1. Which members of the range 106-127 meet the condition of being closer than 18 Å to residue 8 by Cα and modelled with pLDDT under 80?
2. Restricting to the range 25-54, and then to whatever is open to solvent by 40 Å² or more (accessible area, probe 1.4 Å) and among the acidic types (Asp, Glu), can you tell me which residue is nearest to residue 103 (Cα to Cα)?
3. What residue, of 88, 84, is of a type in the set (Lys, Arg) and in contact (Cβ under 8 Å) with a residue 24 or more places away in the chain?
4. When you scan the range 36-52, do you find a residue that is in contact with a Ser or Thr (Cβ under 8 Å, 6 or more places away or on another chain), modelled with pLDDT under 90 and farther than 14 Å from residue 114 by Cα, even just one?
5. Starting from the range 99-113, keep only residues that are open to solvent by 90 Å² or more (accessible area, probe 1.4 Å), then list their pairs with residues that are of a type in the set (Asp, Glu) and in a loop (DSSP other than H, G, I, E, B) whose Cβ atoms are within a distance under 7 Å, requiring at least 6 positions of separation or different chains.
6. I'd like the residue in the range 59-86 that is closer than 14 Å to residue 116 by Cα and either open to solvent by less than 40 Å² (accessible area, probe 1.4 Å) or in contact with a helix residue (DSSP H, G or I) (Cβ under 8 Å, 6 or more places away or on another chain) (or both) and, out of all such residues, is modelled with the lowest pLDDT.
7. For the range 110-121, state whether one or more residues are over 19 Å from residue 5 (Cβ atoms), part of a loop (DSSP other than H, G, I, E, B) and in contact with a Cys (Cβ under 9 Å, 6 or more places away or on another chain).
8. Condition (residue is of a type in the set (Val, Ile, Thr), more than 15 Å from residue 80 (Cβ to Cβ) and surrounded by fewer than 20 Cβ atoms within 10 Å (Cβ to Cβ)) applied to the range 12-24: is it met by at least one residue?
Amino acid sequence: MESSTKQVSALRPDSIGVNLVACAVACNVVVERLRPDGSTVSVAEIVVADETGCVVFLAKGDQIALMNIGQTYVFTNARVQLYRRLMRLEVDKWGSIAPSETPLAGPLNEANNVSETEHVSLVAESL
């Protein structure tokens, strides 16, 4: 299990237990639906970046309200999943996201978007 803090450029499609410090730079709400019980289901793609690159974080529910553009966050025990062959950072019930008390030093690298590179799932290929 991985436990040290990683940089965005070191993320791989099978990364689990990822600890990452990154700044939210863009947000796009991709799903907002009303359930029969009246509650709302929301999913947003939030681009987070550090000095080595950026990745799309798939935020769900309360995670969306927590994220503010320009704020630095600490992602603990996150994982990387493939969605349509593209990497997405996710934080489930075993992980956490918290605002960082110190912003990232140095410029953010938004040019190296690791979520734009297509990957092949080895599990699907072996079937």
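The values are calculated or read from the model by the stated rules, or taken from the named source; none is laboratory data. Just so we're clear, the structure is a prediction, and the values are computed from it rather than from any experiment. Note that each Cβ is placed from the backbone with ideal geometry, even for glycine, and that neighbours are counted across all protein chains shown. When the accessible area is computed, the model is the full protein with side chains, heavy atoms only, and any ligands, DNA or RNA have been set aside. Shrake-Rupley method; radii C 1.70, N 1.55, O 1.52, S 1.80 Å.
1. Taking the range 106-127 as the starting set, the residues that turn out to be closer than 18 Å to residue 8 by Cα are 106-119.
If the condition is that a residue be closer than 18 Å to residue 8 by Cα and modelled with pLDDT under 80, then 116, 117, 118, 119 are the ones that fit.
2. 51
3. From the options 88, 84, the qualifying one is 88.
4. So far as the range 36-52 goes, no, none of its residues is in contact with a Ser or Thr (Cβ under 8 Å, 6 or more places away or on another chain), modelled with pLDDT under 90 and farther than 14 Å from residue 114 by Cα.
5. 107/51
6. Initial filter on the range 59-86 (closer than 14 Å to residue 116 by Cα): 80-86.
From what's left, either open to solvent by less than 40 Å² (accessible area, probe 1.4 Å) or in contact with a helix residue (DSSP H, G or I) (Cβ under 8 Å, 6 or more places away or on another chain) (or both): 80, 86.
On the way: 80: 90, 86: 86.
So the residue we want is 86.
7. Yes, the range 110-121 contains at least one residue that is over 19 Å from residue 5 (Cβ atoms), part of a loop (DSSP other than H, G, I, E, B) and in contact with a Cys (Cβ under 9 Å, 6 or more places away or on another chain).
8. Yes, the range 12-24 contains at least one residue that is of a type in the set (Val, Ile, Thr), more than 15 Å from residue 80 (Cβ to Cβ) and surrounded by fewer than 20 Cβ atoms within 10 Å (Cβ to Cβ).
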